[in-house]
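Below: one structure, written as structure tokens.
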Amino acid sequence: MLEALNKLIDRLEKVVMVAFMSIATIITTFQVIYRYGFNSSLSWAEEVVIYSIVCMSFVGASMGVRHGAHISVDVLNAFAPPAVNRWLHLLTAALGIVFAASMAYLGFQLFSLTLDRGMLSPAMRMPMAWVYLPIGLSGVLLIIRYCWLIREVWHKPPVSMAEELAAEKDNLV
């Protein structure tokens, strides 16, 4: 069940990233053509591109947890024995869940309040609530990813930093 959910989220994230990246690239290209080719511009293009990049950032946060690509300080991991490293990873993931839960709660609250107020975006005149929805959704995705990370760390035997570096070196070759 968890494996299927993980694969579904992986696929969904990839599709969403490609879609928003394509939207941003295509609209930026049209904006350049309109501006320099026709001496005009699209009034809504900048807004769409900015919202696409914001959505990509929030989806990318979840992907970063999945692939271990977030910036981290590994000083404790380098000197701690494998059993302690396991607990450090679990603590980090638990703190990530707390952050993600607050992000989800506050993101959905912001979505709801903005939807109730009927705020519209300046150029496209679309409800601003839809711009804030990715915050809450990203929080939910992060919670799922951190739970998956806890499961992986819990079931995987602890390894020393030297073994981990050797495995990374093998992956590079």
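Structure above, values below:
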| item | result |
| --- | --- |
| Per-region count, segment 81-96, residues surrounded by 13 or more Cβ atoms within 10 Å (Cβ to Cβ) and in contact (Cβ under 8 Å) with a residue 60 or more places away in the chain | 6 |
| Looking only at segment 123-141, and only at residues there that are out of contact with any helix residue (DSSP H, G or I) (no Cβ under 7 Å at 6 or more places or on another chain) and not in a helix (DSSP H, G or I), the one that is surrounded by the fewest Cβ atoms within 10 Å (Cβ to Cβ) | R125 |
| Filtered residue count, segment 97-118, keeping only those that are more than 19 Å from S52 (Cα to Cα), over 18 Å from the mean Cα position of the chain (by Cα), surrounded by 13 or more Cβ atoms within 10 Å (Cβ to Cβ) and hydrophobic (A, V, I, L, M, F, W, C) | 1 |
| Number of the condition not met by F99 [criteria: (1) at pLDDT below 90; (2) out of contact with any Ser or Thr (no Cβ under 6 Å at 6 or more places or on another chain)] | (1) |
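For every residue, the table says whether it meets (1) polar (S, T, N, Q); (2) surrounded by 11 or more Cβ atoms within 10 Å (Cβ to Cβ).
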residue	(1), (2)
A4	no, no
E13	no, yes
S22	yes, yes
I27	no, yes
Q31	yes, yes
Y34	no, yes
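The values are calculated or read from the model by the stated rules, or taken from the named source; none is laboratory data. None of the values given here were measured: they were computed from a predicted structure. Glycine gets a Cβ as well: all are built from the backbone with ideal geometry, and neighbour counts include every protein chain shown.
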